[in-house]
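Student: Next up is a structure, given as structure tokens.
The values are calculated or read from the model by the stated rules, or taken from the named source; none is laboratory data. Just so it is clear, the model here is predicted, and its values are computed rather than measured. Cβ sites come from the backbone with ideal geometry, for glycine too, and all protein chains shown count toward neighbours.
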Amino acid sequence: DGGITQSPKYLFRKEGQNVTLSCEQNLNHDAMYWYRQDPGQGLRLIYYSQIVNDFQKGDIAEGYSVSREKKESFPLTVTSAQKNPTAFYLCASSMGQLETQYFGPGTRLLVL
Amino acid sequence: KQEVTQIPAALSVPEGENLVLNCSFTDSAIYNLQWFRQDPGKGLTSLLLIQSSQREQTSGRLNASLDKSSGRSTLYIAASQPGDSATYLCAVIPLNAGGTSYGKLTFGQGTILTVHP
């Protein structure tokens, strides 16, 4: 089955802790994206990567970091600098940066 | 800065009705526009993608139109069913000042659709 997987489904973060959200795709897509969704709001872009070993900041990158060491994987780290991390995080990928984006099932991050 | 607005924020209709969801964007310089569906607590499913040079796209009971000059798109759902209940999101890929684009989707806030039997 081809698709995008995200793990875990739910993640709990303690104050001052860094946590990493996983995103894997087997669609052979070059571009990958991380979005944040808050209740009643649309999605906002955190980071995106057009190719391996390259990534760019989106609209709300502060307090987040990413890596793209493999084509299939684009993990997102929520650092302690992100003061309001509670949200639904969605990963997406596309064949090219202007093609249809396909989304994973999401990770809900909650703060203890 | 590109802004995307969706009206109405919520819509409740009886089964079988034809309905229209609206999306407007402030800057007509776009590469394409996408409509997505999101079920509660789930990721997004792409429904239709309209290139800036196109006027409409159709898939089954769904038809999306694009009027770039007026900054508007509509999603038409024919013969609605309870299974259509979800949040519908539209998003655009804007062109930057140089006429290129970087695949950065700008989303509206969504329309929550409820179709009751």
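Student: Please report, ordered by residue number, the strands (runs of 3 or more DSSP E) entirely within region A:73-112 with at least 2 residues that are more than 8 Å from every other protein chain (Cβ to nearest Cβ) and under 10 Å from the mean Cα position of the chain (by Cα).
Tutor: A:76-78, A:87-94
Student: Go through (1) touching a Lys or Arg at 6+ places or on another chain (Cβ under 9 Å); (2) within 19 Å of A:Arg108 (Cβ to Cβ); (3) modelled with pLDDT under 95 one by one and return the number of the condition A:Ile46 breaks.
Tutor: Failed condition: (3).
Student: On to the next question. Only one of A:Ser94, A:Ser80 is at pLDDT below 95, under 21 Å from B:Leu49 (Cα atoms) and surrounded by 13 or more Cβ atoms within 10 Å (Cβ to Cβ). Can you tell me which?
Tutor: A:Ser94
Student: Residues being under 14 Å from the mean Cα position of the chain (by Cα) and farther than 21 Å from B:Ala9 by Cα: count how many of those fall in region B:68-88.
Tutor: Counting residues in region B:68-88 that are under 14 Å from the mean Cα position of the chain (by Cα) and farther than 21 Å from B:Ala9 by Cα gives 1.
Student: Can you go through B:Ser24, B:Ser80 and tell me which one is more than 10 Å from chain A (Cβ to nearest Cβ), crowded, with 18+ Cβ neighbours inside 10 Å and among the polar types (S, T, N, Q)?
Tutor: B:Ser80
Student: Let me ask another. How many residues are surrounded by fewer than 20 Cβ atoms within 10 Å (Cβ to Cβ) and assigned to a strand (DSSP E or B) if we restrict to region A:19-47?
Tutor: The qualifying residues number 5.
Student: May I ask you to say which residue of A:Gly2, A:Gly40, A:Gly58 is more than 14 Å from chain B (Cβ to nearest Cβ), at pLDDT below 95 and within 26 Å of B:Thr87 (Cα to Cα)?
Tutor: Selected residue: A:Gly2, the only one of A:Gly2, A:Gly40, A:Gly58 that is more than 14 Å from chain B (Cβ to nearest Cβ), at pLDDT below 95 and within 26 Å of B:Thr87 (Cα to Cα).
Student: Among the residues of region A:5-18, is any part of a strand (DSSP E or B), in contact with a Pro (Cβ under 9 Å, 6 or more places away or on another chain), more than 24 Å from B:Val4 (Cβ to Cβ) and not basic (Lys, Arg)?
Tutor: Yes, region A:5-18 contains a residue that is part of a strand (DSSP E or B), in contact with a Pro (Cβ under 9 Å, 6 or more places away or on another chain), more than 24 Å from B:Val4 (Cβ to Cβ) and not basic (Lys, Arg).
Student: Regarding B:Gly60, is this residue of a type outside the set (Lys, Arg), on the phi > 0 side of the Ramachandran plot and surrounded by 14 or more Cβ atoms within 10 Å (Cβ to Cβ)?
Tutor: It is false that B:Gly60 is of a type outside the set (Lys, Arg), on the phi > 0 side of the Ramachandran plot and surrounded by 14 or more Cβ atoms within 10 Å (Cβ to Cβ).
Student: Next question, about the same structure. Is there a residue in region A:10-29 that is at the interface with another protein chain (Cβ under 10 Å from one of its Cβ atoms), charged (D, E, K, R) and under 22 Å from B:Phe36 (Cβ atoms)?
Tutor: Checked against the condition, which is being at the interface with another protein chain (Cβ under 10 Å from one of its Cβ atoms), charged (D, E, K, R) and under 22 Å from B:Phe36 (Cβ atoms), region A:10-29 yields no hits at all.
Student: Hey, another quick one. For the structure I just gave you, tell me whether B:Gln38 is farther than 26 Å from A:Pro105 by Cα, out of contact with any Asp or Glu (no Cβ under 6 Å at 6 or more places or on another chain), touching a residue at least 12 places away in the same chain (Cβ under 8 Å) and not small (Gly, Ala, Ser).
Tutor: Working: farther than 26 Å from A:Pro105 by Cα: no; out of contact with any Asp or Glu (no Cβ under 6 Å at 6 or more places or on another chain): yes; touching a residue at least 12 places away in the same chain (Cβ under 8 Å): yes; not small (Gly, Ala, Ser): yes.
Judged against the criteria, B:Gln38 is not a match.
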